[in-house]
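The values are calculated or read from the model by the stated rules, or taken from the named source; none is laboratory data. Since the model is a prediction, treat every value here as computed from it, not as a measurement. Glycine gets a Cβ as well: all are built from the backbone with ideal geometry, and neighbour counts include every protein chain shown.
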């Protein structure tokens, strides 16, 4: 009788263990120990750990708006390289100055007036 109970418990435990994904603890809990609330607008800021930008034009994600906007001309761009080329040719901004002259607002990268 005892052997049947052990076999029954093992049979019930194996499918549950197989469904458990990587990084999860028994009981369905994930490996996350701390949850830190973030201000909903925090994603609009760019953070460079060494204080210097590493891209000429930062990447961005927008759903219902163009990702790159030249506020001086009112032009919008969907391509990062085309936006950088526009800034260098139309506004004569040296490549080394482009990162410091851009502003990210609402998920869009702006070249302000």
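Miscellaneous remarks
- Matching entry among 83, 49 (being at pLDDT below 75 and closer than 24 Å to residue 100 by Cβ): 49
- Residues of segment 67-83 that are surrounded by 15 or more Cβ atoms within 10 Å (Cβ to Cβ) and closer than 11 Å to residue 109 by Cα: 67, 68, 69, 70, 77, 80, 83.
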